[in-house]
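K.L.:
Okay, handing you the structure first.
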Amino acid sequence: QKKKLLEELGENRLPYMTPADADFHQLWKTKYSKLIFRKSDAVPAELHQMVQEGFLTLRKHNCFFQDLVRIKGKDFLTPVSRILIGNPGCTYKYLNTRLFTVPWPTEGYDIKYCSPQIRDACKALIRLNEYLHVEAVKALQGQNLSEMKEIKDTTVTDKQQNFATSLVEKGSVSEDQSSSCVPADDCSSLKHRTSYNVTLLNYMDPLQMLYLKQEPYFGMGSMAVSWHHDENLVERSTVAVYSYSCEGSAVEAINEQKPEGRDPAVWHVGLKVAWDIETPGLAIPLHQGDFYLMLDDLNMTHQHCVLAGFSPRFSSTHRVADCSRGTLEYIFGQCELALQNLQTDSESKALSLKSLETAVVKQVEEIHNEVEFEWLRQFWFQGKRYLKCTDWWLKPMAKLEESWRKMEIMVS
């Protein structure tokens, strides 16, 4: 698709808009309405301070790593350095690489961190996670209401008004929030699509990079992250991104030049309708402490990229990872299922298989491969780096390896 699009464009470039363009807000409203943007002053100052100190702590302790990923059969090191933080036992897979969470402090889990500062950083990120969850629910509720208004061409139906009024009377919401209520059956869906279980943290200093790809369709300049859809997410879930660029006087001085198009000194998020050459793109500047939300199906219908500025930048990208096959609970369950076919003779203690049926043997071997290639190898080819933060994964990995050894015996 990319090749076809570039051939169609030839030497031409597609148009794009920034906030400096007269029709920017109209384009956003009509073609990119599911992107919600909030400037830094919308976020509590205390939260900014906690999170930004957390970023710097993780950087100081060398906790950001370039990932080795596979694209079209070739291996690449990512230009951006990353670390995954989230629910204990949760993993996130992108570009054929599985990342394992550094667990954030969670009730009921004994998590030992390498230093109190790293614990504080993880605690700050779970606080940010909770804040962005609330903001995403509000944004989706607002979107649902505006869609209802468009369909019915009325402010609020009697039914919704009664629902909102009853909630206010019961004290469930404050009076000024009642207009953003949605029916109860939608609430569980909103919660499901905004309950972030991981955040993928990113760090990059563009001035330390020898080479950055140029944006190919619009001529937007240097890219830190190429055009993509985020993968391995629960369908129609919201992605929330908090941005912290370490802006200084050098960048501000360059800003005064006011170049055409997007300012190359300032980090931007770029958006485009996927594989479309009719709709202009958007380039939105990202300043210290800004955040944005990609609601509903925006991640599926549109693509986004990150355009590099001149200063170093951190970001925290909160996701509802599809963990149906990506948690310890899941893989331990698979091991249990496979090992049901192993039996021990009560007298001789000899091991044997309960069943030699093809389907049973095949299922065991599929689980055996999953444990080895999706978990043990994925963890150990880059897993030692997690020890800079915590040794939490070592015990579950030892348990998985023990199950794998038993499956080796079953194969032989």
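K.L.:
Just checking, how many residues over the range 344-375 are within 21 Å of Lys399 (Cβ to Cβ) and at pLDDT 95 or above? Before the answer, list the steps.
P.N.:
Step one: list which residues in the range 344-375 are within 21 Å of Lys399 (Cβ to Cβ), which gives 344, 351, 363-375.
If we keep only those that are at pLDDT 95 or above too, we end up with 363-375.
Number of matching residues: 13.
K.L.:
Ser352 fails exactly one of the following numbered conditions: (1) of a type outside the set (D, E, K, R); (2) farther than 30 Å from Asn197 by Cα; (3) touching a helix residue (DSSP H, G or I) at 6+ places or on another chain (Cβ under 7 Å). What is the number of that condition?
P.N.:
Every condition holds for Ser352 apart from (3).
K.L.:
Now for a different question. Scan the range 241-249 and give yes if some residue there is open to solvent by less than 50 Å² (accessible area, probe 1.4 Å), outside any strand (DSSP E or B) and modelled with pLDDT under 95, otherwise no. If you could, list the steps in order and put the result at the bottom.
P.N.:
Kept after step one, since they are open to solvent by less than 50 Å² (accessible area, probe 1.4 Å), are these residues of the range 241-249: 241-246, 248.
Now restrict to residues that are outside any strand (DSSP E or B): 246, 248.
Keeping just the survivors that are modelled with pLDDT under 95 gives 246, 248.
The answer is yes, given that some residue of the range 241-249 is open to solvent by less than 50 Å² (accessible area, probe 1.4 Å), outside any strand (DSSP E or B) and modelled with pLDDT under 95.
K.L.:
Write out, first by first residue and then by second, each pair whose Cβ atoms fall under 9 Å of each other, whose residues are 6+ apart or on separate chains, and whose first residue, in the range 303-320, is at pLDDT below 95 while the second is in a strand (DSSP E or B) and aromatic (Phe, Trp, Tyr).
P.N.:
So the pair list comes out empty.
K.L.:
If the requirement is being outside any helix (DSSP H, G or I) and either open to solvent by 20 Å² or more (accessible area, probe 1.4 Å) or of a type outside the set (Asp, Glu) (or both), which of these qualifies: Trp375, Trp392? Spell out the reasoning first.
P.N.:
Working: Trp375 fails: outside any helix (DSSP H, G or I).
One residue alone meets the criteria, Trp392.
K.L.:
Out of the residues in the range 177-217 meeting the condition of being hydroxyl-bearing (Ser, Thr, Tyr) and open to solvent by 50 Å² or more (accessible area, probe 1.4 Å), tell me which one is modelled with the lowest pLDDT.
P.N.:
At the first step, the residues of the range 177-217 found to be hydroxyl-bearing (Ser, Thr, Tyr) are 178-180, 188-189, 194-196, 199, 203, 211, 217.
Adding the requirement that they be open to solvent by 50 Å² or more (accessible area, probe 1.4 Å) leaves 179, 188, 211.
Working: Ser179: 38, Ser188: 75, Tyr211: 88.
Top of the filtered list is Ser179.
K.L.:
Tally up the residues in the range 132-148 that are within 16 Å of Phe37 (Cα to Cα) and open to solvent by less than 40 Å² (accessible area, probe 1.4 Å), please. Even if it seems obvious, please write down each step before you answer.
P.N.:
Restricting attention to the range 132-148, the residues satisfying the condition of being within 16 Å of Phe37 (Cα to Cα) are 132-143.
Now restrict to residues that are open to solvent by less than 40 Å² (accessible area, probe 1.4 Å): 132, 135-137, 139-143.
Matching residues across the range 132-148 total 9.
K.L.:
Read through the list (1) touching a residue at least 24 places away in the same chain (Cβ under 8 Å); (2) among the β-branched types (Val, Ile, Thr); (3) open to solvent by less than 70 Å² (accessible area, probe 1.4 Å), then give the number of the only condition that Val411 fails.
P.N.:
The single condition Val411 does not satisfy is (3).
Yes/no per residue for (1) without any contact (Cβ under 8 Å) to a residue 40 or more places away in the chain; (2) open to solvent by 20 Å² or more (accessible area, probe 1.4 Å):
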position: Asn12; (1), (2): yes, yes
position: Lys31; (1), (2): no, yes
position: Ile36; (1), (2): no, yes
position: Gly54; (1), (2): no, no
position: Ile85; (1), (2): no, no
position: Phe100; (1), (2): no, no
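K.L.:
Do you know which of the residues in the range 305-316 that are open to solvent by less than 10 Å² (accessible area, probe 1.4 Å) and under 16 Å from Gly270 (Cα atoms) is nearest to the chain's Cα centre (by Cα)?
P.N.:
Among those residues, the one meeting the criterion is Ser315.
K.L.:
Filter the range 395-408 for residues that are among the acidic types (Asp, Glu) and open to solvent by less than 80 Å² (accessible area, probe 1.4 Å); which is farthest from Val69 (Cα to Cα)?
P.N.:
Just the residues of the range 395-408 that are among the acidic types (Asp, Glu), to begin with: 401-402, 408.
Those still in the list that are open to solvent by less than 80 Å² (accessible area, probe 1.4 Å) too: 401, 408.
Working: Glu401: 24, Glu408: 28 Å.
So, considering only residues that are among the acidic types (Asp, Glu) and open to solvent by less than 80 Å² (accessible area, probe 1.4 Å), the one farthest from Val69 (Cα to Cα) is Glu408.
The values are calculated or read from the model by the stated rules, or taken from the named source; none is laboratory data. Note that the structure is a prediction, hence the values are computed from the model and not measured. Using ideal geometry, Cβ is built from the backbone for each residue, glycine included, and neighbour counts are taken over all protein chains shown. Ligands, DNA and RNA are stripped out before the accessible areas are found, and what is left, the full protein with its side chains, is counted by its heavy atoms. Shrake-Rupley method; radii C 1.70, N 1.55, O 1.52, S 1.80 Å.
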